[in-house]
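The values are calculated or read from the model by the stated rules, or taken from the named source; none is laboratory data. Model, not experiment: these values are computed from the prediction. As a convention, Cβ positions derive from the backbone with ideal geometry for all residues, glycine included, and neighbour counts pool all protein chains shown.
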Amino acid sequence: MTYRRAVIPALVGSLLVTLLLWGAAESAQALQPRGVPHVFGAGTVSRLRMWLRPWTYDRSAALLADAPEDGGAAVGGGVFADRYTTAMQIRFVAVFAFFLAGALLLIRRIPPTRGRTPATVLGLWAWTPMAGVLAVTVSAPWEIASYGHPGFRVLPRLASVSVSSGSATVPAGLLAALATVLVARVTAEGAEPSPRRTVAPRAARLVASAGTAVIALSLVVLSYQSAAAWIQTSFDGGGRLSEPGELLRAWLLLGGWTSPEATPIGDWLLYRAADALVLVVVWWVLRLLPGLLTRTTAPAMAMGGVCATVLALLAGRTVHLAFDDPFPVRGPVDLITHLGAGVPAALTFGVTAGLTALVTLRLAGGRDTGEASEPTAGSGAPVAGDARIEE
């Protein structure tokens, strides 16, 4: 799909996700009256406030959910309030721009035609939490400065802000993805159909395995308790760059697990099954990705790796919550609250996994002739030995 056809749905989706986040945040004041917790439940109201805190212009509501450690210095007005307003303005402009950039790339490389529509919807949905994390991170310096003493524990506060944006972007992203694809299908009418690329099965499996190994490095190796503790304590900067452990954990760890010593082995295995599901989803998406793309470029594969990782985390967190005892009485608010975990690390390792898969594809695609039987021309089935990767 050309840029001219892709820009309209990308703009619609960017505008919609921005308006949804802004409108939801503006409703945060409705959760403050005393009688509201008695109607919806104190836990639900607290979680909704946590959802909306990163996106609200109401600085007092944000302070209620995330009061800084230095207390009174943060509640002043004047220049501090102006800094917070600037942070919110930058945040909404940034989420619009990041979603627009990602949507343009996804719609061009995975246009919602010829069986690609579900993949486009899932890709756009997965990209929305990432756009939210990037927008919150970019605007974090102004927010931190608005709390007073901006040079105090900068990196731990930056880590706290970076991981706070995920929950609200999950439902907003699903609505925006559906609307974006609907508009994209309209704009794609009359365009030349984008052919599906054929990738030899052995090359596709190697690509998926190489990318999944990168994700496993974070999910299995770095997320183990002792390795995570080493990351937390082994790096110590000086001055304003002191205590980088929390920031490193946020951007390097996709999960967290320990040995089964203090947990019944059955429960431990169930939780590890959720982690295994993450790797399975990543492997499956990366296996299909080269065939879905109209061109296997580095940006497209990196974007695909990020979206595959975020989708896998959403699936893993859903299964993980199903093993918790209170799950039968959980509502949608409680469920979605936990779905945004691990998104910053998904950028770090998703990009690496996508680029690793691309290198593997370049090396293996030309050698693999496939093992499938020779189909007839025009049957629509992949032809053995016809693995073509468009440069």
Note on region 289-321: residues assigned to a helix (DSSP H, G or I), of a type in the set (Val, Ile, Thr) and at pLDDT 90 or above are VAL306, THR309, VAL310
Here the residues within region 136-186 that are modelled with pLDDT of 85 or more and on the phi > 0 side of the Ramachandran plot are none
With the first residue restricted to region 1-14 and required to be over 11 Å from LEU106 (Cα atoms), and the second required to be not in a helix (DSSP H, G or I), Cβ contacts under 8 Å at 6 or more apart or on different chains are THR2/ALA191; ARG5/ALA188; ARG5/ALA191
Being in contact (Cβ under 8 Å) with a residue 12 or more places away in the chain, in a helix (DSSP H, G or I), touching a Ser or Thr at 6+ places or on another chain (Cβ under 7 Å) and buried (at least 24 other Cβ atoms within 10 Å of the Cβ) is the requirement here; does GLY123 meet it?
no
Answer yes or no as to whether THR212 is free of Cβ contacts under 8 Å to residues at least 40 places away in the same chain, in contact with a helix residue (DSSP H, G or I) (Cβ under 7 Å, 6 or more places away or on another chain) and either farther than 22 Å from ILE336 by Cβ or assigned to a loop (DSSP other than H, G, I, E, B) (or both). no
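Conditions (1) modelled with pLDDT of 90 or more; (2) not hydroxyl-bearing (Ser, Thr, Tyr), marked per residue:
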{"residue": "VAL199", "(1), (2)": "no, yes"}
{"residue": "ALA203", "(1), (2)": "yes, yes"}
{"residue": "SER209", "(1), (2)": "yes, no"}
{"residue": "ALA213", "(1), (2)": "yes, yes"}
{"residue": "LEU219", "(1), (2)": "yes, yes"}
{"residue": "ALA229", "(1), (2)": "no, yes"}
{"residue": "GLN232", "(1), (2)": "no, yes"}
{"residue": "SER242", "(1), (2)": "no, no"}
Report yes if some residue within region 205-218 is under 23 Å from the mean Cα position of the chain (by Cα) and of a type in the set (Lys, Arg); otherwise report no.
no
Only one of ALA203, ALA216 is more than 14 Å from LEU361 (Cβ to Cβ) and assigned by TED's automatic domain parsing to the domain that holds ALA364, namely ALA216
task = Kindly establish whether ARG185 is part of a helix (DSSP H, G or I) and not aliphatic (A, V, I, L, M).
result = yes
